[in-house]
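Here the structure is laid out as C-alpha coordinates; the discussion comes afterwards.
The values are calculated or read from the model by the stated rules, or taken from the named source; none is laboratory data. In this text, all values refer to a predicted model and were calculated from it rather than measured experimentally. No Cβ is skipped: glycine too gets one built from the backbone with ideal geometry, and neighbour counts run over all protein chains shown. Surface accessibility is based on the protein's heavy atoms, side chains included, excluding ligands, DNA and RNA. Shrake-Rupley method; radii C 1.70, N 1.55, O 1.52, S 1.80 Å.
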Amino acid sequence: MGLSKLVLKIALSIVNACTFFLHPKWNRITFVSLTSDVLSGDFLRLSKALEKEHRYDLRYNLIVFKQNIWGQIAYFFNCLKQLVEYKRSALVILNDNNFVISVMKPKQTKVLQIWHAPGAVKKFGNQIKRQYKIRNYDAVICSAPYWKECFAEAFGVFPEQVYPTGMPRIDDLYDQSVRKANRDAFYEKYPQTKGKRLILYAPTFRGNIIDGFQIESLNMSKIDPALKENTLLLYKFHPLLGDVQLSSKKAIDVNAEDLYTLMEVSDCLISDYSSVFFDYSLLNKPMLSFVPDLEMYKKTIGLNIAYEKEFPGPICKTEEEICAAIRNLHTYDHEKLQSFRNRYIVDFDGKNTERIVHLINSLLKKAQ
(Lines give C-alpha, C1' and ligand atoms only; values in the text may rest on other atoms or scores of the structure.)
Protein backbone atom coordinates (compact mmCIF):
# COMPACT_ATOMS: atom_id res chain seq x y z
CA MET A 1 0.00 0.00 0.00
CA GLY A 2 1.41 3.39 -1.03
CA LEU A 3 1.88 6.35 1.32
CA SER A 4 -1.20 8.20 0.07
CA LYS A 5 -3.37 5.14 0.67
CA LEU A 6 -1.86 4.68 4.14
CA VAL A 7 -2.67 8.30 5.05
CA LEU A 8 -6.19 7.83 3.70
CA LYS A 9 -6.65 4.65 5.73
CA ILE A 10 -5.63 6.49 8.92
CA ALA A 11 -8.07 9.32 8.14
CA LEU A 12 -10.82 6.77 7.50
CA SER A 13 -10.10 5.15 10.87
CA ILE A 14 -10.57 8.50 12.58
CA VAL A 15 -13.86 9.16 10.76
CA ASN A 16 -15.00 5.63 11.56
CA ALA A 17 -14.33 6.11 15.27
CA CYS A 18 -16.08 9.51 15.33
CA THR A 19 -19.21 8.13 13.64
CA PHE A 20 -19.65 5.04 15.82
CA PHE A 21 -23.27 6.00 16.42
CA LEU A 22 -24.32 5.70 12.76
CA HIS A 23 -26.36 2.70 11.64
CA PRO A 24 -27.81 1.70 8.26
CA LYS A 25 -31.35 2.59 7.29
CA TRP A 26 -32.92 -0.67 6.12
CA ASN A 27 -34.07 0.68 2.73
CA ARG A 28 -31.27 3.09 1.85
CA ILE A 29 -29.30 2.22 -1.29
CA THR A 30 -26.28 4.29 -2.31
CA PHE A 31 -24.82 4.28 -5.83
CA VAL A 32 -21.10 5.12 -6.01
CA SER A 33 -18.94 5.77 -9.09
CA LEU A 34 -15.51 7.32 -9.74
CA THR A 35 -15.88 7.46 -13.53
CA SER A 36 -19.09 9.44 -14.08
CA ASP A 37 -20.71 12.37 -12.28
CA VAL A 38 -24.13 11.68 -13.81
CA LEU A 39 -26.41 8.67 -13.83
CA SER A 40 -25.90 6.74 -17.05
CA GLY A 41 -25.74 3.23 -18.47
CA ASP A 42 -26.25 0.45 -15.93
CA PHE A 43 -26.73 2.84 -13.01
CA LEU A 44 -29.41 4.85 -14.80
CA ARG A 45 -31.47 1.85 -15.84
CA LEU A 46 -31.14 0.15 -12.44
CA SER A 47 -31.98 3.37 -10.55
CA LYS A 48 -35.18 3.80 -12.59
CA ALA A 49 -36.15 0.19 -11.90
CA LEU A 50 -35.57 0.55 -8.16
CA GLU A 51 -37.66 3.74 -8.08
CA LYS A 52 -40.58 1.68 -9.36
CA GLU A 53 -40.28 -0.57 -6.32
CA HIS A 54 -41.55 2.38 -4.20
CA ARG A 55 -39.71 1.27 -1.09
CA TYR A 56 -36.10 2.30 -1.44
CA ASP A 57 -34.37 5.51 -0.41
CA LEU A 58 -31.90 6.01 -3.26
CA ARG A 59 -28.73 8.10 -2.80
CA TYR A 60 -25.86 8.88 -5.17
CA ASN A 61 -22.16 9.66 -4.86
CA LEU A 62 -20.98 10.16 -8.44
CA ILE A 63 -17.67 11.82 -9.33
CA VAL A 64 -15.02 11.67 -12.06
CA PHE A 65 -11.57 10.93 -10.66
CA LYS A 66 -8.97 13.28 -12.14
CA GLN A 67 -5.26 12.45 -12.17
CA ASN A 68 -3.97 15.78 -10.80
CA ILE A 69 -3.37 17.38 -7.40
CA TRP A 70 -6.90 18.77 -7.12
CA GLY A 71 -8.34 15.48 -8.26
CA GLN A 72 -6.36 13.65 -5.58
CA ILE A 73 -7.56 16.07 -2.89
CA ALA A 74 -11.19 15.76 -4.04
CA TYR A 75 -10.86 11.97 -4.05
CA PHE A 76 -9.42 11.99 -0.50
CA PHE A 77 -12.32 13.92 0.98
CA ASN A 78 -14.86 12.02 -1.09
CA CYS A 79 -13.58 8.77 0.42
CA LEU A 80 -14.25 10.16 3.91
CA LYS A 81 -17.75 11.11 2.76
CA GLN A 82 -18.21 7.64 1.29
CA LEU A 83 -17.55 5.98 4.64
CA VAL A 84 -20.25 8.05 6.34
CA GLU A 85 -22.70 7.24 3.54
CA TYR A 86 -21.84 3.52 3.72
CA LYS A 87 -22.55 3.41 7.45
CA ARG A 88 -26.00 4.85 6.77
CA SER A 89 -26.79 2.48 3.86
CA ALA A 90 -28.19 -1.03 3.83
CA LEU A 91 -26.77 -1.57 0.34
CA VAL A 92 -23.98 0.06 -1.66
CA ILE A 93 -23.87 -0.42 -5.43
CA LEU A 94 -20.52 0.06 -7.18
CA ASN A 95 -19.35 0.00 -10.79
CA ASP A 96 -15.64 0.43 -9.99
CA ASN A 97 -13.36 -1.02 -7.36
CA ASN A 98 -13.56 0.89 -4.11
CA PHE A 99 -10.79 1.48 -1.59
CA VAL A 100 -13.10 2.40 1.29
CA ILE A 101 -15.14 -0.80 0.96
CA SER A 102 -12.00 -2.92 0.71
CA VAL A 103 -10.37 -1.55 3.87
CA MET A 104 -13.28 -0.40 6.05
CA LYS A 105 -16.63 -1.81 5.03
CA PRO A 106 -19.29 -1.36 7.74
CA LYS A 107 -20.33 -4.79 9.02
CA GLN A 108 -24.06 -4.30 8.50
CA THR A 109 -23.78 -2.90 4.97
CA LYS A 110 -24.17 -5.11 1.90
CA VAL A 111 -22.18 -4.38 -1.26
CA LEU A 112 -23.19 -5.20 -4.83
CA GLN A 113 -20.54 -4.82 -7.54
CA ILE A 114 -22.08 -4.05 -10.93
CA TRP A 115 -18.80 -3.98 -12.79
CA HIS A 116 -18.78 -1.53 -15.70
CA ALA A 117 -17.94 -4.31 -18.17
CA PRO A 118 -19.85 -7.49 -19.10
CA GLY A 119 -16.62 -9.50 -19.17
CA ALA A 120 -12.88 -9.01 -18.99
CA VAL A 121 -10.56 -9.67 -21.92
CA LYS A 122 -7.59 -8.55 -19.83
CA LYS A 123 -6.75 -9.60 -16.28
CA PHE A 124 -7.80 -7.08 -13.65
CA GLY A 125 -8.52 -6.55 -9.97
CA ASN A 126 -6.84 -9.11 -7.73
CA GLN A 127 -5.59 -10.95 -10.83
CA ILE A 128 -2.85 -8.34 -11.24
CA LYS A 129 -0.41 -6.47 -9.01
CA ARG A 130 -2.13 -3.57 -7.25
CA GLN A 131 -1.78 -1.27 -4.23
CA TYR A 132 -4.51 -2.89 -2.15
CA LYS A 133 -6.44 -6.16 -2.15
CA ILE A 134 -10.03 -5.96 -3.38
CA ARG A 135 -12.44 -7.54 -0.92
CA ASN A 136 -15.69 -7.24 1.04
CA TYR A 137 -18.18 -7.55 -1.82
CA ASP A 138 -21.32 -9.52 -1.07
CA ALA A 139 -22.42 -10.05 -4.66
CA VAL A 140 -21.02 -9.43 -8.15
CA ILE A 141 -22.90 -9.59 -11.44
CA CYS A 142 -21.53 -10.83 -14.74
CA SER A 143 -22.86 -11.64 -18.22
CA ALA A 144 -22.29 -15.37 -18.61
CA PRO A 145 -21.42 -18.44 -16.49
CA TYR A 146 -17.96 -18.37 -18.11
CA TRP A 147 -17.03 -15.34 -15.98
CA LYS A 148 -17.88 -16.76 -12.55
CA GLU A 149 -14.39 -18.09 -11.74
CA CYS A 150 -12.62 -15.12 -13.33
CA PHE A 151 -14.71 -12.51 -11.50
CA ALA A 152 -14.46 -14.42 -8.22
CA GLU A 153 -10.67 -14.24 -8.43
CA ALA A 154 -10.63 -10.58 -9.50
CA PHE A 155 -13.01 -9.38 -6.78
CA GLY A 156 -12.01 -11.63 -3.90
CA VAL A 157 -15.32 -13.50 -3.61
CA PHE A 158 -16.51 -17.09 -3.96
CA PRO A 159 -17.88 -18.21 -7.36
CA GLU A 160 -21.33 -18.64 -5.82
CA GLN A 161 -21.32 -14.89 -5.07
CA VAL A 162 -21.05 -14.12 -8.81
CA TYR A 163 -24.42 -13.96 -10.55
CA PRO A 164 -24.69 -14.24 -14.36
CA THR A 165 -27.72 -11.96 -14.58
CA GLY A 166 -26.51 -9.95 -17.55
CA MET A 167 -25.88 -6.19 -17.54
CA PRO A 168 -28.80 -3.76 -17.11
CA ARG A 169 -27.77 -1.68 -20.12
CA ILE A 170 -28.05 -4.67 -22.44
CA ASP A 171 -31.82 -4.40 -22.00
CA ASP A 172 -31.61 -1.26 -24.14
CA LEU A 173 -30.64 -3.48 -27.07
CA TYR A 174 -33.93 -5.29 -26.65
CA ASP A 175 -35.93 -2.05 -26.69
CA GLN A 176 -36.42 -1.04 -30.33
CA SER A 177 -37.89 2.35 -29.41
CA VAL A 178 -34.77 3.22 -27.38
CA ARG A 179 -32.53 2.14 -30.24
CA LYS A 180 -34.43 4.24 -32.78
CA ALA A 181 -34.44 7.28 -30.50
CA ASN A 182 -30.68 6.95 -30.01
CA ARG A 183 -30.09 6.72 -33.77
CA ASP A 184 -32.30 9.69 -34.56
CA ALA A 185 -30.67 11.86 -31.88
CA PHE A 186 -27.20 10.96 -33.12
CA TYR A 187 -27.92 11.74 -36.78
CA GLU A 188 -29.48 15.05 -35.78
CA LYS A 189 -26.32 16.00 -33.89
CA TYR A 190 -23.94 14.61 -36.55
CA PRO A 191 -25.79 15.05 -39.87
CA GLN A 192 -22.57 14.43 -41.82
CA THR A 193 -22.67 10.78 -40.71
CA LYS A 194 -26.10 9.91 -42.09
CA GLY A 195 -25.91 7.51 -45.03
CA LYS A 196 -22.19 6.88 -44.44
CA ARG A 197 -20.45 3.68 -43.41
CA LEU A 198 -19.31 4.32 -39.84
CA ILE A 199 -16.41 2.53 -38.15
CA LEU A 200 -16.29 2.82 -34.37
CA TYR A 201 -12.82 2.92 -32.78
CA ALA A 202 -13.10 2.30 -29.02
CA PRO A 203 -9.86 1.06 -27.41
CA THR A 204 -9.20 0.53 -23.72
CA PHE A 205 -6.32 1.98 -21.68
CA ARG A 206 -2.95 0.77 -20.50
CA GLY A 207 -1.73 1.57 -16.97
CA ASN A 208 -3.93 2.20 -13.93
CA ILE A 209 -5.69 4.91 -11.93
CA ILE A 210 -2.67 5.42 -9.66
CA ASP A 211 0.24 5.44 -12.10
CA GLY A 212 -1.60 7.09 -14.97
CA PHE A 213 -2.98 5.87 -18.28
CA GLN A 214 -1.58 5.37 -21.76
CA ILE A 215 -3.04 4.29 -25.06
CA GLU A 216 -1.82 2.40 -28.11
CA SER A 217 -3.61 4.44 -30.77
CA LEU A 218 -4.11 4.12 -34.51
CA ASN A 219 -1.94 6.23 -36.78
CA MET A 220 -4.63 7.91 -38.86
CA SER A 221 -2.20 8.99 -41.57
CA LYS A 222 -1.92 5.28 -42.42
CA ILE A 223 -5.63 4.55 -41.98
CA ASP A 224 -7.08 7.40 -44.05
CA PRO A 225 -6.25 5.85 -47.46
CA ALA A 226 -8.35 2.77 -46.57
CA LEU A 227 -11.41 4.86 -45.72
CA LYS A 228 -13.44 5.37 -48.86
CA GLU A 229 -15.28 8.60 -49.50
CA ASN A 230 -18.46 7.23 -47.90
CA THR A 231 -16.65 5.96 -44.76
CA LEU A 232 -15.99 7.83 -41.51
CA LEU A 233 -14.27 6.77 -38.30
CA LEU A 234 -15.93 7.57 -34.96
CA TYR A 235 -13.50 7.49 -32.04
CA LYS A 236 -14.34 7.10 -28.38
CA PHE A 237 -11.60 6.51 -25.83
CA HIS A 238 -12.00 5.23 -22.28
CA PRO A 239 -13.35 8.01 -19.98
CA LEU A 240 -10.22 7.80 -17.83
CA LEU A 241 -8.00 8.74 -20.78
CA GLY A 242 -9.19 12.33 -20.91
CA ASP A 243 -9.68 14.23 -24.14
CA VAL A 244 -7.59 12.21 -26.62
CA GLN A 245 -7.82 13.47 -30.21
CA LEU A 246 -7.13 11.88 -33.59
CA SER A 247 -5.87 14.10 -36.38
CA SER A 248 -7.89 13.28 -39.48
CA LYS A 249 -10.67 14.87 -41.52
CA LYS A 250 -12.29 11.44 -41.70
CA ALA A 251 -12.31 10.94 -37.92
CA ILE A 252 -15.03 12.36 -35.66
CA ASP A 253 -14.56 12.91 -31.92
CA VAL A 254 -17.47 11.21 -30.13
CA ASN A 255 -15.82 10.87 -26.72
CA ALA A 256 -18.80 12.57 -25.08
CA GLU A 257 -21.39 10.28 -26.66
CA ASP A 258 -23.07 7.21 -25.17
CA LEU A 259 -21.27 4.01 -26.13
CA TYR A 260 -24.46 2.10 -26.89
CA THR A 261 -25.64 4.83 -29.24
CA LEU A 262 -22.31 4.58 -31.08
CA MET A 263 -22.64 0.82 -31.26
CA GLU A 264 -26.10 1.26 -32.74
CA VAL A 265 -25.10 3.64 -35.56
CA SER A 266 -21.77 2.04 -36.46
CA ASP A 267 -21.21 -0.69 -39.03
CA CYS A 268 -17.97 -2.10 -37.61
CA LEU A 269 -15.90 -1.94 -34.41
CA ILE A 270 -12.14 -1.65 -33.92
CA SER A 271 -10.83 -2.22 -30.40
CA ASP A 272 -8.08 -4.09 -28.54
CA TYR A 273 -8.51 -5.57 -25.04
CA SER A 274 -11.75 -3.77 -24.26
CA SER A 275 -14.87 -5.54 -23.03
CA VAL A 276 -16.83 -3.55 -25.61
CA PHE A 277 -16.31 -6.59 -27.87
CA PHE A 278 -18.81 -8.54 -25.77
CA ASP A 279 -21.51 -5.86 -25.93
CA TYR A 280 -20.94 -5.30 -29.63
CA SER A 281 -21.16 -9.01 -30.45
CA LEU A 282 -24.87 -8.88 -29.61
CA LEU A 283 -25.45 -6.69 -32.68
CA ASN A 284 -23.96 -9.27 -35.06
CA LYS A 285 -21.68 -6.69 -36.69
CA PRO A 286 -18.01 -7.16 -37.74
CA MET A 287 -15.27 -6.57 -35.16
CA LEU A 288 -11.57 -5.96 -35.79
CA SER A 289 -8.75 -6.17 -33.28
CA PHE A 290 -5.80 -3.75 -33.28
CA VAL A 291 -3.18 -5.14 -30.87
CA PRO A 292 0.39 -4.26 -31.90
CA ASP A 293 1.52 -5.09 -28.34
CA LEU A 294 -0.28 -8.45 -28.03
CA GLU A 295 2.72 -10.62 -27.13
CA MET A 296 4.02 -8.14 -24.56
CA TYR A 297 0.54 -7.60 -23.15
CA LYS A 298 0.02 -11.33 -22.59
CA LYS A 299 3.27 -11.46 -20.60
CA THR A 300 2.85 -8.28 -18.54
CA ILE A 301 -0.91 -8.04 -17.89
CA GLY A 302 -2.36 -11.34 -19.07
CA LEU A 303 -5.64 -12.26 -20.70
CA ASN A 304 -8.75 -14.07 -19.49
CA ILE A 305 -9.67 -15.51 -22.88
CA ALA A 306 -7.75 -17.47 -25.50
CA TYR A 307 -7.51 -14.30 -27.60
CA GLU A 308 -5.89 -15.59 -30.77
CA LYS A 309 -8.16 -18.64 -30.85
CA GLU A 310 -11.46 -17.07 -29.75
CA PHE A 311 -11.53 -13.53 -31.18
CA PRO A 312 -14.14 -13.57 -33.98
CA GLY A 313 -12.40 -11.37 -36.50
CA PRO A 314 -9.04 -10.29 -37.94
CA ILE A 315 -6.34 -9.72 -35.31
CA CYS A 316 -4.22 -6.87 -36.66
CA LYS A 317 -0.83 -5.70 -35.39
CA THR A 318 -0.22 -2.93 -37.93
CA GLU A 319 -2.29 -0.20 -39.55
CA GLU A 320 -1.71 -1.91 -42.90
CA GLU A 321 -3.43 -5.03 -41.58
CA ILE A 322 -6.33 -2.93 -40.28
CA CYS A 323 -6.69 -1.34 -43.72
CA ALA A 324 -6.80 -4.77 -45.36
CA ALA A 325 -9.40 -5.96 -42.85
CA ILE A 326 -11.59 -2.92 -43.55
CA ARG A 327 -11.42 -3.61 -47.29
CA ASN A 328 -12.48 -7.24 -46.70
CA LEU A 329 -15.39 -6.81 -44.29
CA HIS A 330 -17.60 -8.62 -46.76
CA THR A 331 -15.77 -11.88 -45.92
CA TYR A 332 -16.37 -11.59 -42.16
CA ASP A 333 -17.00 -14.89 -40.33
CA HIS A 334 -20.39 -14.40 -38.62
CA GLU A 335 -20.56 -18.03 -37.46
CA LYS A 336 -17.45 -17.55 -35.33
CA LEU A 337 -18.98 -14.33 -34.00
CA GLN A 338 -22.06 -16.26 -32.89
CA SER A 339 -19.91 -18.82 -31.05
CA PHE A 340 -18.03 -15.99 -29.33
CA ARG A 341 -21.30 -14.36 -28.25
CA ASN A 342 -22.79 -17.61 -26.95
CA ARG A 343 -19.71 -18.29 -24.82
CA TYR A 344 -19.01 -14.89 -23.30
CA ILE A 345 -22.27 -12.96 -22.97
CA VAL A 346 -25.85 -13.87 -22.12
CA ASP A 347 -28.06 -13.10 -25.10
CA PHE A 348 -30.46 -10.30 -24.34
CA ASP A 349 -34.06 -10.99 -23.38
CA GLY A 350 -34.87 -7.58 -21.92
CA LYS A 351 -34.96 -8.93 -18.34
CA ASN A 352 -31.41 -8.36 -17.05
CA THR A 353 -32.44 -5.36 -14.93
CA GLU A 354 -35.39 -7.33 -13.57
CA ARG A 355 -33.05 -10.12 -12.46
CA ILE A 356 -30.74 -7.68 -10.67
CA VAL A 357 -33.64 -5.98 -8.87
CA HIS A 358 -34.68 -9.45 -7.67
CA LEU A 359 -31.11 -10.02 -6.43
CA ILE A 360 -31.15 -6.67 -4.59
CA ASN A 361 -34.47 -7.50 -2.95
CA SER A 362 -32.97 -10.78 -1.80
CA LEU A 363 -29.80 -9.13 -0.42
CA LEU A 364 -31.80 -6.56 1.55
CA LYS A 365 -34.25 -9.14 2.83
CA LYS A 366 -31.33 -11.05 4.33
CA ALA A 367 -29.95 -7.81 5.80
CA GLN A 368 -33.15 -6.98 7.72
Q. Ranked highest first by the average count of other Cβ atoms within 10 Å around their residues, in what order do 12-21, 172-181 fall?
A. 172-181, 12-21
Q: Just subtract the alpha-carbon distance of Glu149 and Gln161 from 0.36 nm times their residue separation and send over the number in nm, one decimal.
A: 3.3 nm
**Q.** Entries in Lys66/Lys250; Lys9/Lys148; Lys180/Lys351; Lys5/Lys129 that, when Cα-Cα distance is taken, lie over 22 Å
**A.** Lys66/Lys250; Lys9/Lys148
(Q) How much accessible area per residue does the range 234-368 have, counting only protein heavy atoms and a probe of 1.4 Å, in square angstrom? (A) 45 Å²
Q. Out of residues 5 or more away from Cys316 or on other chains, whose amide H comes under 5 Å of its own, with H placed 1.01 Å from N in the peptide plane?
A. Ser289, Phe290, Val291
**Q.** Cut-off 19 Å, label 7 Å out along Cα→Cβ of Glu335, residues of the range 268-290 by amide N
**A.** 284-287
Q | FRET E, pair Thr318, Lys5, Förster distance 30 Å, beta-carbon r, rounded to 0.05 | A | 0.15
Q) In terms of Cα to Cα distance under 14 Å, which aspartates and glutamates are near enough to Lys123, apart from those fewer than 8 places away along the same chain? A) Glu149, Glu153, Asp272
Q: Would you please give the FRET efficiency between Glu51 and Asn27, computed as 1/(1 + (r/R0)^6) with r the Cβ-Cβ distance and R0 = 22 Å, to the nearest 0.05?
A: 0.95
Q | In nm, spacing of pseudo-spin labels at Val84 and Tyr60 (7 Å Cα→C-beta vector) | A | 2.0 nm
Q: List the relative contact order of the chain as a percent without decimals, with contacts defined as Cα pairs under 8 Å and 6+ residues apart.
A: 17 percent
Q: Enter the angle in degrees (range 0 to 90, nearest 10) between the Cα long axis of helix 3-18 and the first principal axis of the Cα atoms of the chain, meaning the one along which they spread out most.
A: 40 degrees
(Q) Using Cα-Cα distances under 8 Å and only pairs 6 or more residues apart, what relative contact order does the range 82-238 have, in percent? (A) 15 percent
Q. Once amide H atoms are built 1.01 Å from N in the peptide plane, which residues 5 or more positions from Lys110, or in another chain, come under 5 Å H to H?
A. Leu91, Val92
Q: Provide the solvent-accessible area of Ser4, counting protein heavy atoms only and rolling a 1.4 Å probe, rounded to the nearest 10 Å².
A: 80 Å²
Q) Highest mean first, what order results for 82-89, 290-297, 257-264, 270-277 on Cβ atoms within 10 Å? A) 270-277, 82-89, 257-264, 290-297
Q) Out of Asn97, Ser248, Ser266, whose Cα points farthest toward the positive end of the dipole of the chain (charges: +1 Lys, Arg; -1 Asp, Glu; placed on Cβ)? A) Asn97
Q: Quote the accessible area belonging to His330 in square angstrom, nearest 10, computed with a 1.4 Å probe and with ligands, DNA and RNA left uncounted.
A: 150 Å²
(Q) Give me the one-decimal nm value for the distance between modelled label points at Asn342 and Arg197, 7 Å along each residue's Cα-to-Cβ direction. (A) 2.9 nm
Q: Note the listed values (1) 0.97; (2) 1.10; (3) 1.19, then indicate which one is Rg/Rh (Cα atoms, Kirkwood Rh) calculated from this particular structure.
A: (1)
Q | Pair Asn219, Asp37: separation of 7 Å Cα→Cβ label points (nm) | A | 3.8 nm
Q. At a Förster radius of 25 Å, what calculated FRET efficiency corresponds to the Cβ-Cβ distance of Arg135 and Lys309, to the nearest 0.05?
A. 0.15
Q: Would you mind checking which residues have amide H under 5 Å from Tyr60's amide H? H placed 1.01 Å from N; only 5 or more apart, or other chain.
A: Phe31
Q. With axes computed from alpha carbons, what is the tilt in degrees of helix 41-51 against the longest principal axis of the chain, rounded to the nearest 10 within 0 to 90?
A. 50 degrees
